[in-house]
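Below you'll find the structure, written out as structure tokens, and then a few comments.
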Amino acid sequence: MIRYRLKCDKRHEFDAWFASSAAYDRQRKRSLVQCPRCGSGKVEKALMAPNVAKKGNRKAAKPQQPEPQLSPVDTQRVAAHGELVQAMRKLRSEIESKSENVGSRFPEEARKIHYEETPARGIHGEATREEARALREEGIEFFPLPILPEDQN
Ligand SMILES: [Zn+2]
């Protein structure tokens, strides 16, 4: 779509949208482009309009559908959030690649490692809230893996 600022022979200015400049030429030749105020088909391109519609001529222009836009603050927030998620994803895949996934046996395995019943190694897995609390009370150190947005689906 292309927007032209047009002027009729009575010097009314108005904005009009065309599929292309060729479409404008075609429509103008057939007097299909008419001044919305006086109906004159003798229109010419006025100076190229800036993107902001001038007051008073707004009705002549096709209603513009403003694209949903994020405010600069929101954009920053989204970007920061995106970076954070990326960092967490990286951290998590690192942990997951370097440690053994013991799944729901996590509390059991963590305990075994803590009490040196099994060789110390990196593990990750799942624990319920209660299991996690019990481990902490026993002085077993672990930390929760970062939760990624996709976990919450
Ligand atoms: Zn006119």
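List the pairs whose first member sits in the stretch 17-32 and is more than 13 Å from Lys45 (Cβ to Cβ), whose second member is charged (D, E, K, R) and not in a loop (DSSP other than H, G, I, E, B), and whose Cβ atoms are under 7 Å apart, counting only residues at least 6 apart or on separate chains?
Final answer for the pair search is Trp17/Arg3.
Looking only at residues in the stretch 1-16 that are in contact (Cβ under 8 Å) with a residue 24 or more places away in the chain and more than 9 Å from the ligand (Cβ to nearest atom), which one is surrounded by the fewest Cβ atoms within 10 Å (Cβ to Cβ)?
Arg3
Has the stretch 40-59 got any residue that is among the small types (Gly, Ala, Ser), within 16 Å of the ligand (Cβ to nearest atom) and at pLDDT below 65?
For the stretch 40-59, residues among the small types (Gly, Ala, Ser), within 16 Å of the ligand (Cβ to nearest atom) and at pLDDT below 65: present.
Could you check the stretch 9-47 and list, in sequence order, the residues that are assigned to a loop (DSSP other than H, G, I, E, B), of a type in the set (S, T, N, Q) and within 35 Å of the chain's Cα centre (by Cα)?
Within the stretch 9-47, just Ser20 meets the criteria.
The values are calculated or read from the model by the stated rules, or taken from the named source; none is laboratory data. Worth saying up front: this structure is predicted, and the values here are computed from it rather than measured. With ideal geometry, Cβ positions are generated from the backbone for all residues, glycine too; neighbour counts draw on all protein chains shown.
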